[in-house]
Amino acid sequence: MNFTRMWRRMRANRDSIESELRSEMQQHIELLAARLIAEGTPAEEARLIARRRFGNPRSLTEESRQAWSFPSLESFLQDVRFGLRMLMRSPGFTLVAVLTLALGIGANTAVFSSVNALLIRPLPVPNPDRLVSVYLSYLPMAGFRHFRERVRTIDLAGFHYTGLNLSGQGEAVRLNAAGVSANFFSVIGVRAAHGRAFEEDDSTPGREHVVVLSHAAWQTRFSSDPGIVGRFIQLDDTTYQVVGVMPAGFSFPDRAVEVWTPLKFTDPDLWGTWVQMMGRLRDGATVSQATAEMKAVLPQVVGLFPYPMPQGWGSWINVIPTQRRMVGDLRTKLLLMLGAVGLVLLIACSNVANMLLARAASRQREIAVRTALGAGQGRIVRQLITESVLLALLGGGAGLALAPLGMQLVRRLIPEDQLPVTGVSLDLRVLAFAAGAAMLTGILFGIAPALRARRINVEPALRASGRSSLSRERRRISSSLVIAETALGMVLAVAAGLLVRSLWQLSHEQTGFNPDALVTASLTPSVAMCPPGFGPTRAATASARCTAFYDSVLAAVRSAAGVEGAAFADDIPFGNNMNTVLAVENNPQYTANSPFQLMDFTVSPSYFQTMGIPLLAGRTFTDQDNLQAPGVVIVSRNMARRAWPGQSPIGKRVKPSWMKEWRTVVGVVDEIRTFGMSPGDWADPSMGFVYFPVRQGIVSPPAQLKLVIRTIDPARMVSQIGDIVSRVNSTVPVTKIQTMQDVISVFNAAPRTTTWLFTAFSGIALALGAVGIYSLISYSVSSRTQEIGIRMALGAERGEVLRRVLGEGFVLGGSGIVIGTVAALAVTRLLRNFLYGVQPTDALTLVAVGALLMLVALLASYFPARRAASIDPITALRYE
Amino acid sequence: MVRFASRNEMLPGTLDMLILKTLSLGRMHGYGIAQRIQQVSGEVLQVEEGSLYPALQRLLVNGWVRAEWGTSENNRRARYYTLTAAGRRQLGAEVASFHETIAGILRVLETA
């Protein structure tokens with residue numbers, strides 16, 4: 001439309017146009033009549049003819065006026081005004097409907113904001129869709145180099161997570177670090193904000209003591225020193241030069257990373273340091289081509305390893321987009337969550353649709369009047385849809401206000417290190433989602449009542465007295481909606497029930513050790529002080545210094561008040577427990593090429609006693625189990641039963657499959673539990689565990705150990721432990737100080753939040769379902785007052801009336817439950833990965849949830865039923 | 001719509017053009033326009049009042065004509081319309097395209 005025309009239209013004054021037009025036409029008629037009279041027509045007849053030539057003056061003005069108006073917009077605004085007036089006239093209805101929708105849309109918006117942040121919004125790097133991760137597990141640096149030389153489809157980079165002690169400025173602090181290949185930053189495609197990122201020759205021996213800082217580390221650890229680039233800092237007692245600071249918000253491959261150092265491609269790191277691979281697809285290459293190439297190259301690379309790898313190792317190698325990799329199984333969880341809130345929204349929709357249907361019935365007369373006055377069917381449907389979209393938009397607005405609250409909850413689903421780089425926020429896309437959801441729901445729940453209104457028969461509707469009758473058809477629609485609601489509610493409630501059951505199982509599972517009164521902390525001496533491995537390849541003096549340090553810490557801790565025991569381990573249960581592979585002597589099933597795969601711990605002698613893990617046979621480790629003594633191990637019950645069924649394991653021998661020396665089993669301990677909701681990620685717990693003595697480490701016996709302390713006052717120990725260690729050696733940072741209970745509860749936090757959210761969703765669903773049943777039945781009771789009155793006048797008992805109405809609720813609820821059960825059986829499979837110790841088809845849960853739903857349905861119909869039973873037949877009949 | 005007096009046929013879009021053309025001779029009120037078209041066409045074309053006024057409103061909105069109140073021949077208040085510069089341009093364009101249409105129709109009639 002052209003602008004001046006629009007301008008003229010906007011300036012036009014409708015009323016004056018109309019009056020001008022009227023007087024103009026009046027003048028025309030008179031002139032015409034005058035002419036006819038002049039031609040000899042009688043005056044009276046002339047005026048009649050002239051007027052008739054004009055036709056209906058009203059429709060003529062209407063037509064002329066239309067030239068000046070925006071017809072569609074104008075009638076739309078009229079619809080909106082009218083709709084708002086209708087909504088304001090029944091505030092109770094509006095409030096309930098808006099709140100219902102606000103719950104549904106708010107919950108959806110909250111979940112979608114996380115989906116948006118984690119799954120949709122691209123990583124803040126150039127061409128994020130070309131960035132891929134290689135799913136393999138760690139592999140030796142030399143292996144990575146072989147891959148890099150052979151693979152054509154991906155520009156590969158390697159990295160591993162580590163930690164470095166920053167010293168020389170007050171107390172030593174631990175920095176989360178990533179060792180990365182020199183091309184890491186150029187592969188990702190992000191430049192430094194200050195200085196430079198790594199270049200290819202940063203990996204050459206002698207030049208590798210350079211470091212790049214994250215923006216956050218620069219701010220917090222170096223108080224944003226403007227002269228940071230070029231400055232020398234002490235990391236792990238070695239001097240590094242800061243060459244660059246990355247832009248704010250960049251933290252890769254993990255949110256926690258604070259500094260990056262180049263990987264050193266020299267012995268002994270070449271085969272001793274294990275890295276993960278990621279990269280950028282080269283031009284034209286696809287993910288599936290890259291996977292195929294990696295699969296093809298894998299055997300060549302594994303063939304170059306100096307030790308045999310287990311048969312089939314790495315056959316699962318896969319290339320996946322980095323964004324998906326970073327999100328991991330959160331993806332499924334979030335999508336499930338989105339599905340669940342989608343169901344809640346559907347239930348809300350059908351509830352509001354039912355409310356609208358009930359209202360439409362009482363508005364029949366109004367609509368009939370409007371139809372009689374000439375409103376077209378299309379116009380009436382449009383009016384009703386406008387009203388429901390209006391309702392939905394109000395609900396959407398209220399939902400948006402609720403959303404931040406929900407986002408707080410949903411955010412807890414996301415483990416700290418998986419938080420999206422860009423943060424969860426209400427951005428434009430989320431707003432668009434909320435608006436879209438609102439419009440869609442408005443149309444969805446408005447369509448049935450609107451289409452029904454179209455078929456209203458004007459005459460009987462006008463003739464009928466004010467009271468409306470519940471037509472058979474409307475009853476059918478309403479009943480199906482309520483049954484669908486109940487069924488959807490059943491699905492959600494079953495899901496919640498399963499999750500609650502598995503959370504209960506999880507938190508009541510015996511850990512196999514006594515987690516009460518245990519405190520743990522992580523000690524991280526520098527590599528210079530404790531080189532990885534106490535082994536003979538390392539400097540004996542360093543090794544001695546390291547051993548002395550740990551011994552002194554143990555002695556200091558044990559002498560503190562209230563301490564009952566203390567020990568070291570390379571990791572604690574519920575930590576980042578690692579797998580190892582063992583060959584079993586004289587057992588053809590578990591050889592070096594097809595080894596036994598299980599979790600391993602490297603522990604100090606007092607570990608079992610401190611943790612409260614019972615010794616079942618043989619002995620525990622002693623301080624004499626050192627490098628000079630023969631190698632020994634302790635195995636758990638399950639491992640013993642698998643490797644030597646029916647025999648005593650004491651005296652049998654095993655070895656890590658890549659080592660030469662066999663180690664003798666000296667003891668058997670009881671089983672422990674160390675994993676949570678996703679057993680698939682980790683070694684099969686039924687395989688058991690193997691323990692190595694801390695002074696006879698395996699491939700890279702840890703320089704950094706976890707301290708476990710049993711004490712009568714855990715809270716006090718948590719606040720004390722830092723001082724105790726720093727009195728022994730102030731250069732060793734103490735981090736991750738926690739009670740064991742906290743460790744376990746953090747581990748269960750995500751499942752707890754999932755369960756909590758599902759329970760909340762199904763609670764909302766049940767409440768909405770109850771409201772649906774209640775309103776349908778009370779409506780049916782009130783529209784049948786007369787019929788019930790007649791029945792009672794004819795001798796029906798009050799009890800019978802009560803039963804009949806309750807029966808309606810029973811049928812509605814029962815059908816919903818039956819359909820819901822079938823649907824739940826089909827859908828809960830999706831939950832499998834989030835369940836622990838309970839089957840997705842758990843009969844107990846189904847029965848319990850079904851019973852609960854039936855109770856809700858009967859309760860919701862009880863109140864209208866009582867009202868029906870208390871109808872006074874005389875009043876009811878007189879009412880007509 | 002313009003109706004041909006003899007038959008009830010309509011030629012859509014021509015009314016606007018005829019009004020513009022009529023106004024190009026000078027300012028005129030609605031009745032005058034209708035009379036004028038009827039006379040000039042030799043009573044072949046009869047303008048229906050029912051379409052005249054909406055058409056005039058359309059032309060006003062588009063800025064092709066201007067309206068002002070004046071006194072009529074019988075000494076009554078009447079609304080007079082004048083052609084604007086834009087209206088004159090529009091008339092040219094419509095006449096040109098009308099000639100094209102007619103030429104096309106004639107070609108069909110002569111060859112078919």
Completion exercise
For residue A:795, the lone unmet condition from (1) in contact (Cβ under 8 Å) with a residue 12 or more places away in the chain; (2) out of contact with any Phe, Trp or Tyr (no Cβ under 7 Å at 6 or more places or on another chain) is (1)
Practice task
Please report, ordered by residue number, the strands (runs of 3 or more DSSP E) entirely within segment A:560-603 with at least 2 residues that are of a type in the set (Val, Ile, Thr) and crowded, with 18+ Cβ neighbours inside 10 Å.
Solution key: A:578-584, A:596-603
Problem - Members of segment B:38-47 that are away from chain A (no Cβ under 11 Å) and either touching an Asp or Glu at 6+ places or on another chain (Cβ under 8 Å) or surrounded by 18 or more Cβ atoms within 10 Å (Cβ to Cβ) (or both) - result: B:45
Fill in the blank from the handout: With criteria (1) surrounded by 17 or more Cβ atoms within 10 Å (Cβ to Cβ); (2) more than 27 Å from residue A:722 (Cα to Cα), residue A:217 comes up short on (2)
Problem - Test set (1) at pLDDT below 65; (2) within 11 Å of another protein chain (Cβ to nearest Cβ); (3) exposed (fewer than 14 other Cβ atoms within 10 Å of the Cβ) - residue A:65 fails condition number - result: (3)
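Taking residue A:71 as the residue in question, decide whether it is at pLDDT below 65 and more than 11 Å from chain B (Cβ to nearest Cβ). Give the derivation first.
Values: at pLDDT below 65: yes; more than 11 Å from chain B (Cβ to nearest Cβ): yes.
Answer is yes for this residue.
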Exercise for the section: Test residue B:31 against the stated conditions and say whether it is modelled with pLDDT of 90 or more and touching an Asp or Glu at 6+ places or on another chain (Cβ under 9 Å). Expected result: no
Practice task
Taking the residues in segment A:191-208 that are in contact with a Pro (Cβ under 9 Å, 6 or more places away or on another chain) and within 23 Å of residue A:254 (Cα to Cα) as candidates, determine which candidate is surrounded by the most Cβ atoms within 10 Å (Cβ to Cβ).
Solution key: A:198
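A quick yes/no check of all residues on (1) at pLDDT 85 or above; (2) surrounded by fewer than 17 Cβ atoms within 10 Å (Cβ to Cβ); (3) in the same structural domain as residue A:575 (by TED's automatic domain parsing); (4) touching a Ser or Thr at 6+ places or on another chain (Cβ under 6 Å):
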{"residue": "A:627", "(1), (2), (3), (4)": "no, yes, yes, no"}
{"residue": "A:631", "(1), (2), (3), (4)": "yes, no, yes, no"}
{"residue": "A:634", "(1), (2), (3), (4)": "yes, no, yes, no"}
{"residue": "A:654", "(1), (2), (3), (4)": "yes, no, yes, no"}
{"residue": "A:669", "(1), (2), (3), (4)": "yes, no, yes, yes"}
{"residue": "A:677", "(1), (2), (3), (4)": "no, no, yes, no"}
{"residue": "A:681", "(1), (2), (3), (4)": "no, yes, yes, no"}
Fill in the blank from the handout: Looking across segment B:23-37 at residues that are small (Gly, Ala, Ser) and buried (at least 19 other Cβ atoms within 10 Å of the Cβ), the single one that is nearest to the other protein chains (Cβ to nearest Cβ) is B:30
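Out of A:344, A:369, A:352, report the one residue that is modelled with pLDDT of 85 or more and either buried (at least 20 other Cβ atoms within 10 Å of the Cβ) or in a helix (DSSP H, G or I) (or both). Give the steps one after another, and end with the answer.
On the way: A:369 fails: modelled with pLDDT of 85 or more; A:352 fails: modelled with pLDDT of 85 or more.
The conditions single out A:344.
Go through the residues of segment A:855-878 one by one and say whether even a single one is acidic (Asp, Glu) and under 27 Å from residue A:332 (Cβ atoms).
Going through segment A:855-878, the residues acidic (Asp, Glu) turn out to be A:872.
Filter again for under 27 Å from residue A:332 (Cβ atoms), leaving none.
For segment A:855-878, residues acidic (Asp, Glu) and under 27 Å from residue A:332 (Cβ atoms): absent.
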Problem - Matching residues in segment A:228-283 - criterion: being in a strand (DSSP E or B), of a type in the set (A, V, I, L, M, F, W, C) and surrounded by 15 or more Cβ atoms within 10 Å (Cβ to Cβ) - result: A:233, A:235, A:242, A:243, A:245, A:259, A:260, A:274, A:275, A:277, A:278, A:281
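Quick one: which of A:95, A:60, A:32 is under 26 Å from residue B:71 (Cα atoms) and modelled with pLDDT of 80 or more?
A:32 is the lone residue from the list that is under 26 Å from residue B:71 (Cα atoms) and modelled with pLDDT of 80 or more.
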Handout entry: Residue in segment A:15-27 that is farthest from residue B:69 (Cα to Cα), counting only those that are in contact (Cβ under 8 Å) with a residue 12 or more places away in the chain and crowded, with 19+ Cβ neighbours inside 10 Å
Key = A:25
Completion exercise
When residue B:20 is run through (1) within 14 Å of chain A (Cβ to nearest Cβ); (2) surrounded by 13 or more Cβ atoms within 10 Å (Cβ to Cβ); (3) out of contact with any strand residue (DSSP E or B) (no Cβ under 6 Å at 6 or more places or on another chain), the failure sits at (1)
Problem - Within segment B:49-81, considering residues that are under 21 Å from residue B:14 (Cβ atoms) and among the polar types (S, T, N, Q), the one surrounded by the most Cβ atoms within 10 Å (Cβ to Cβ) - result: B:57
Handout entry: Filtered residue count, segment B:48-76, keeping only those that are within 9 Å of chain A (Cβ to nearest Cβ), acidic (Asp, Glu) and in contact with a Phe, Trp or Tyr (Cβ under 8 Å, 6 or more places away or on another chain)
Key = 1
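The values are calculated or read from the model by the stated rules, or taken from the named source; none is laboratory data. None of these values were measured; they are calculated from a predicted model. Positions of Cβ are generated from backbone atoms using ideal geometry, with glycine treated the same way; all protein chains shown enter the neighbour counts.
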